[in-house]
Amino acid sequence: MAEILDGLKVSKEIKAEIKVEVEKILESKRRAPHLVAILVGNNGASKAYVNSKVKDCEEVGFQSSLIKFPSTVSESELLEKIDELNKSKAVDGFIVQLPLPDQIDQEKIINAIDPRKDVDGFHPENFGKMALEMDTFLPATPFGILTLLERYNIETKGKDCVIIGRSKIVGRPMSILMGRKDFPGNSTVTLTHSYTKDIEEYTKKADIVITALGDPHFLKGDMIKEGAVIIDVGITRVDNDSPKGYYLAGDVDFDSCAAKASWITPVPGGVGPMTRAMLMKNTIIAYKTSVYND
Ligand SMILES: Nc1nc2c(c(=O)[nH]1)N[C@@H](CN(C=O)c1ccc(C(=O)N[C@@H](CCC(=O)O)C(=O)O)cc1)CN2
């Protein structure tokens, strides 16, 4: 039976560590780090995520601001706001919550963010630095997974790692990071996607499987090998009759995979809270490297 990689517990530890750092900053009479989140539209999950980011800021002692736009906002209005935030001496980092409505070119928006304030690590300059093993902001979800593996001392060196899904914010950066020379990395990585002929052929041989598909219960126990490490990034709201009206489903069929795996992340309480904690980490890094807060 697998042991749990408890993302909620580790995320609390990381936030507690950041809180101590912020207390020291405030003792030295400097201003607190400041994170801004931009939310466009009314997507229920996106609203919940940005609200939780604001709560995390309160918890660690950061200043936070939430800027809301209607789903009809134009690209130029958003770009204007980004320009303002890029120039603001009072803002250390900001994020634009994804996904964005169809009329907005997501790439254009991300490219407009000053890479020094890009605490999501999505800007091409930061993505390139990540691939080149240079110091930069790592995207929060992959950063969270690496940190979870590190804190549980999971060996990644020389392991076969299969990633399912090649999104720009999870699967693709994850594939680069797991193959980097620094710990936790040094894995032999296979990035599978919708055109992969037989995903099972890969997952059955993998020491580490990372699923980032958004397809509830996709990965079943008979698709993995005995002792594998299973990381579930998928969080899908599936409608049901509960008071909330939905439950959260991962990409992993938890019971059948947990029976065979050595380690496994739960949903909820696995990668999600780690994503939030690593955004806080990136924000304090942005603050410390900012040219504005000496
Ligand atoms: N600008 C960004 N947009 C999006 C990102 C991102 O990193 N930056 N990632 C995802 C959503 N995401 C962060 O924004 C995110 C997803 C899940 C969680 C989380 O805490 N999940 C909890 C369950 C929460 C719930 O009840 O719904 C868990 O898994 O335990 C936090 C952040 C897409 N957009």
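Remarks
- Restricting D251, D207 to those that are of a type in the set (D, E), more than 16 Å from the ligand (Cβ to nearest atom) and in contact with a strand residue (DSSP E or B) (Cβ under 7 Å, 6 or more places away or on another chain) reduces the list to D207.
- Single match in K12, K47, K29, K19 (criterion: closer than 19 Å to A90 by Cα and outside any strand (DSSP E or B)): K29
- A single member of G179, G171 is in contact with a strand residue (DSSP E or B) (Cβ under 7 Å, 6 or more places away or on another chain), within 16 Å of the ligand (Cβ to nearest atom) and of a type in the set (G, A, S), and it is G171.
- Candidate set: the stretch 120-143, residues that are under 11 Å from the mean Cα position of the chain (by Cα) and hydrophobic (A, V, I, L, M, F, W, C); chosen: the one nearest to the ligand (Cβ to nearest atom): A140
- Residue tally, condition within 27 Å of R30 (Cβ to Cβ) and hydrophobic (A, V, I, L, M, F, W, C), over the stretch 64-95: 8
- Any hit, the stretch 27-34, residues being touching a residue at least 24 places away in the same chain (Cβ under 8 Å) and within 16 Å of the ligand (Cβ to nearest atom): no
- When V238 is tested against (1) part of a loop (DSSP other than H, G, I, E, B); (2) within 16 Å of the ligand (Cβ to nearest atom); (3) surrounded by fewer than 17 Cβ atoms within 10 Å (Cβ to Cβ); (4) on the phi < 0 side of the Ramachandran plot, just one condition goes unmet, and that condition is (1).
Listed here are the residues, each with its yes/no results for (1) more than 16 Å from the ligand (Cβ to nearest atom); (2) over 30 Å from A37 (Cβ atoms); (3) assigned to a helix (DSSP H, G or I).
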position	(1), (2), (3)
D222	yes, yes, yes
K225	yes, yes, no
P243	no, no, no
G272	no, no, yes
R276	no, no, yes
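- When residues in the stretch 95-106 are screened for being within 18 Å of the chain's Cα centre (by Cα), more than 9 Å from the ligand (Cβ to nearest atom) and not hydrophobic (A, V, I, L, M, F, W, C), 1 of them pass.
- Any hit, the stretch 65-84, residues being under 22 Å from M274 (Cβ atoms), under 17 Å from the mean Cα position of the chain (by Cα) and within 16 Å of the ligand (Cβ to nearest atom): no
- Within the stretch 230-256, being within 24 Å of K204 (Cα to Cα) and either aromatic (F, W, Y) or over 23 Å from the mean Cα position of the chain (by Cα) (or both) holds for F254, D255, S256.
- Matching residues in the stretch 85-94 - criterion: being buried (at least 19 other Cβ atoms within 10 Å of the Cβ) and either over 20 Å from K15 (Cβ atoms) or away from the ligand (no atom under 15 Å from the Cβ) (or both): L85, V91, D92
- Count of residues meeting criterion [touching a strand residue (DSSP E or B) at 6+ places or on another chain (Cβ under 8 Å) and of a type in the set (D, E, K, R)] in the stretch 1-42: 2
- Taken over the stretch 33-64, residues that are among the small types (G, A, S) and farther than 28 Å from K244 by Cβ amount to 1.
- Residue match in the stretch 49-58 (condition: more than 11 Å from the ligand (Cβ to nearest atom), without any contact (Cβ under 8 Å) to a residue 40 or more places away in the chain and not β-branched (V, I, T)): yes
- Restricting the stretch 176-199 to residues that are in contact with a Lys or Arg (Cβ under 9 Å, 6 or more places away or on another chain) and not polar (S, T, N, Q), the residue that is modelled with the lowest pLDDT is F183.
The values are calculated or read from the model by the stated rules, or taken from the named source; none is laboratory data. Bear in mind that the values here come from a model prediction, so they are computed numbers and not experimental data. Heads up, the Cβs are rebuilt from the backbone with ideal geometry, glycines too, and the neighbour counts pull from every protein chain shown.
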